[in-house]
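Please treat every number below as a calculation from the coordinates, not as lab data. Since the model is a prediction, treat every value here as computed from it, not as a measurement. Cβ coordinates were reconstructed from backbone atoms using ideal geometry, including for glycine residues, and neighbour counts include every protein chain displayed.
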Amino acid sequence: MANRLWRTLFPALLIVASFPGTEIFADPTDVGEDIGSQDRRLSTLRDTDTDFTMTPFASRAEWDPYAESLRHRIRVACGLWPEPERTPLNTKIFDTVERDGYSVSKVHFEASPGFFVTGNLYVPAGKGPFPAVLNPHGHWGTGRLEDTETCSVPGRCITFARMGMVAFSVDMVGYNDSRQFSFAWGHRPAEVPAEVRRRQELWGIHPFAIQLWSNIRALDFLQSLPQVDPKRLACTGASGGGTQTFALCAVDSRVQAAAPVNMISHTMQGGCACENAPLIRIGASNMEIGALFAPKPLMMIAATGDWTKDTPTVEFPAVRGIYELFDAADHVESFQVDAGHNYNRPSREAVYRFLGKWFLNEPEKYATFSEPAFAVETKEALRVFPGEGPLPDHATQDELIEAMIGERRERIARAVKERGADPDFVRQYGDAVRLVVGADPACPKRANADRLSSDQKDGYTIERWLFHVEDTGAAIPAVLLIPRARIVGTAALVVHPEGKSALMDDQGTLVENVRRRVIDEGQIVASLDAFRTGETASAERKLGKFADTFVPTDTAYRVQDVLAAIAWLSERAGNAPINVIGEGRAQIWCVLATSLARVAATTEADPANFPATDADWVRDAYLPSLQTLGGITTVAAVLAPERIRIAPGAGGLH
């Protein structure tokens, strides 16, 4: 049955279900359906190798809020919201050598206190100021020092400099001189214990985030140089460097032209941990992220021999469709080379021509530009730090991670304390929490629910309901207990870690506290089987590579389900306020859902039921980036202090 109010109150689900009723139930709360086979969240595989379709957008009115939310998602996922302090770079530029038409130097600076970013700076001869091009390198064997037919990072930097653009090639974490984080931590997740990596991800700390912040600070570095025009910054890189390029463009408005190479694909989304941060592609792919750059000039370089083989017919038209919304279709270009995965000479020449047109404002001069011969410095001459292995007298990986956690903790505490000075903070904070639990406010969906059966009991009626969510494929069973002598006022939603069967004992009789509410107090009571509880508790979930990048975690799905049940119960109870009662660890889901609910809802919780340590969160209620928002008590204090009470002994069916 369609419900207008449901659509208004909870725009996070589209529920359409139609199943025959069932007369006999093994469990009084059982809906009588094979929920495990119907809930596609258990079996739908969405990962880095999924074939994605670009989300359709008919107008700027549809695109703009989606784009804002996607940018916010990337920042939240990477611990970049609230924005970190731009601490002193403490830049060192040294060992400069003069060449024909340019110079090359060694560089290091501190992206955050004690964390060094390393690379080489290529500067044109002359006074400037010049445009500048940031060059993240990708997963080549020798990183920024790669000089082969397939890719020459120094070669393109030399050519950029000779063209009249400052070029900075920067190390990915774990490559060459970026040795404070191990290569395995940055690029081989299988070698890092899952519980260790997930603990860091609670704080938005992962290789994608470290590289993104390094590149943001690299723009700060370039803007600090007297030879650079701070308003003309570009970025280009291939493979993992292509991912870094469009990720940087998504969150930093200073980039004015970009050429991601071989990475805006509708199929493979990046094969490394440094390209697959939790949360960033829930409801998105590289096509949507790349399109965030519209309407600025974008060159999409593709190859016939890798996952960008369909770019001329799939990805380029999809991204151009967003540019058309800005009346800027001529600002996005595509070039495909007949080769394997690369940043080879033909690809580089396409980028030279692109930047010559848009950055040097000389389209005729560079229309047929060919790359001149170049001589690359030896790898030893380009290295910033001597030797191999950990850097002596520098902070270690573990020390840096702990310092970053401490900085994030202090930053959110300060932002929450000062929120009165920022009228937009609470809205952005609420949106951040929604993104963490997968209830994206930029993607409203209609909702509906079907009643499967209704049985008369002693003093009440039990109705069995099933939600079927079209977008996520969720099938959520629920029950509604309606007292024969109802007293209008509030309604109660009971959420238990074991599901709705907790309303009754083994004989099918209402447990005492539920019976009191229904029979004695005349209150409507509902309960549900949140994701993988109750009727689907034993169901296994099919997950692909880098699953947390593409789909919500179990805990996030459970919060979504409680949100749906709050809105549904409010409507069924005639818009009565909802008292959400969580038992045990389900109190976590209830606090988060009540904080985000768009109807009148209250809940109580005992801190004893919350995870005490990061390790406990990883084990019992994993939600990437939640700790960067201050944790669950801060969520309640910021979003719903008048509706949520957290105190010892609070919560439960008392």
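Determine, from the Cβ-Cβ distance of Asp455 and His654 and an R0 of 35 Å, the FRET efficiency 1/(1 + (r/R0)^6), rounded to the nearest 0.05.
0.80
Between Arg254 and Ser37, what is the label-to-label distance in nm when each label sits 7 Å out along the Cα-to-Cβ direction?
For the pair Arg254/Ser37, the computed spacing is 5.8 nm.
Rank Val251, His187, Phe374 by how far each Cα sits towards the positive end of the charge dipole of the chain (+1 on Lys, Arg Cβ; -1 on Asp, Glu Cβ) and give me just the farthest.
Val251
Where does the charge balance sit around Pro317 when Lys and Arg score +1, Asp and Glu -1, over other residues with C-beta under 11 Å from its C-beta?
That sum, taken over residues with Cβ under 11 Å, equals -2.
Work out the charge dipole of the chain with +1 on the Cβ of Lys and Arg and -1 on the Cβ of Asp and Glu about the Cα centre, then indicate which of Pro136, Val351, Val469 is farthest towards its positive end.
Val351
On a 0 to 90 degree scale, rounded to 10, what angle separates helix 345-358 from the longest Cα axis of the chain?
Once rounded, one gets 90 degrees.
Between Ala485, Val228, Ala637, whose Cα lies farthest towards the positive end of the dipole of the chain when Lys and Arg beta carbons carry +1 and Asp and Glu beta carbons carry -1, centred on the Cα centre?
Val228
List, in the order given, every pair from Lys500/Lys542; Lys106/Lys309; Lys92/Lys365; Lys309/Lys542; Lys309/Lys357 whose Cα-Cα distance in the structure shown is over 31 Å. If you can, show how the numbers build up before the last one.
Values: Lys500/Lys542 24 Å; Lys106/Lys309 37 Å; Lys92/Lys365 36 Å; Lys309/Lys542 29 Å; Lys309/Lys357 25 Å.
Over 31 Å Cα-Cα: Lys106/Lys309; Lys92/Lys365.
Quick one: length gained pulling Thr148 to Leu89 fully straight, 0.36 nm per residue minus the C-alpha distance?
The span from Thr148 to Leu89 would gain 18.0 nm if fully extended.
Taking the Cβ of each residue in Phe221, Phe385 as the centre, tally the other Cβ atoms inside 10 Å and list the residues starting with the fewest.
Phe385, Phe221
What translational D, rounded to a whole number of µm²/s, comes out for the range 92-374 from Stokes-Einstein when the hydrodynamic radius is the Kirkwood one over Cα pairs, at 4 °C and 1.567 mPa s?
Answer from the Stokes-Einstein relation: 69 µm²/s.
Report, largest value first, the span of the C-alpha coordinates of the range 413-487 along each principal axis, in whole Å.
Cα extents, longest axis first: 55, 33, 18 Å.
What is the extension gain from Ser538 to Lys231, computed as 0.36 nm multiplied by their sequence separation minus the C-alpha to C-alpha distance, in nm to one decimal?
In short, 104.9 nm is gained.
Under 5 Å between amide H atoms, partner at least 5 residues away or on a different chain: which partners does Glu333 have, H built in plane at 1.01 Å?
HN-HN under 5 Å from Glu333: Leu298, Met299, Met300.
As a test of the definition: which semi-axes, in Å, follow for the range 275-329 when you take the square root of five times each eigenvalue of its alpha carbon gyration tensor? Largest first, please.
They are 19, 17, 9 Å, listed largest first.
About the Cα centre of the chain, what is the dipole size in debye to 20, counting +1 per Lys and Arg Cβ and -1 per Asp and Glu Cβ, all else neutral?
With Lys and Arg at +1 and Asp and Glu at -1, about 1280 debye.
Would you kindly calculate the mean projected area, averaged across all directions, of the convex hull enclosing the Cα atoms of the chain, in square nanometres? Intermediate values should be presented prior to the final figure.
Details: hull surface 117.8 nm².
Average projection, Cα convex hull of the chain: 29.4 nm².
Considering only DSSP beta bridges whose two residues both sit in the chain, what percent are antiparallel, to the nearest 5?
On the way: 43 of 83 bridges.
The answer is about 50 percent antiparallel.
Using the Karplus curve 6.51 cos²θ - 1.76 cosθ + 1.60 with θ = phi - 60°, what ³J(HN,Hα) values do you get for each residue of the range 110-126, in whole Hz, with x for Gly and Pro?
9, 5, 9, x, x, 9, 9, 9, 10, x, 10, 10, 10, 10, x, 5, x
What is the angle, in °, between the Cα long axis of helix 240-251 and the longest principal axis of the Cα atoms in the chain? Nearest 10 is fine, range 0 to 90.
70
Using alpha carbons only, how many degrees (0 to 90, rounded to 10) separate the axis of helix 586-596 from the longest principal axis of the chain?
The answer is roughly 70 degrees.
Whole-Hz Karplus ³J(HN,Hα) for the range 162-179, in order, using 6.51 cos²θ - 1.76 cosθ + 1.60 and θ = phi - 60°, x for Gly and Pro?
Result, ordered by residue: 5, 6, x, 10, 5, 10, 10, 9, 10, 6, 6, 4, x, 9, 6, 8, 8, 10 Hz.
Convex hull over the alpha-carbon atoms of the range 216-284: what's its volume per residue in Å³?
Roughly 95 Å³ of hull volume per residue.
Give the range of the longest stretch in the chain that excludes all GluC sites (Glu not before Pro) found in loop regions by DSSP and having at most 12 other beta-carbon atoms within 10 Å.
After excluding every exposed loop site, the longest remaining stretch is 150-387.
How far apart, in nanometres, would the label points at Ala413 and Phe425 be if each is projected 7 angstrom from Cα along the Cα-to-Cβ direction?
Placing both labels 7 Å along Cα→Cβ, they lie 1.5 nm apart.
Of Met287, Met300, how do they rank once you tally other Cβ atoms within 10 Å and put the fewest first? Mind showing how you got there, number by number?
Details: Met287 24, Met300 28.
Placing the least packed residue first, the sequence is Met287, Met300.
Please order Cys235, Cys78 by the number of other Cβ within 10 Å, starting at the fewest.
Neighbour counts put them in this order, fewest first: Cys78, Cys235.
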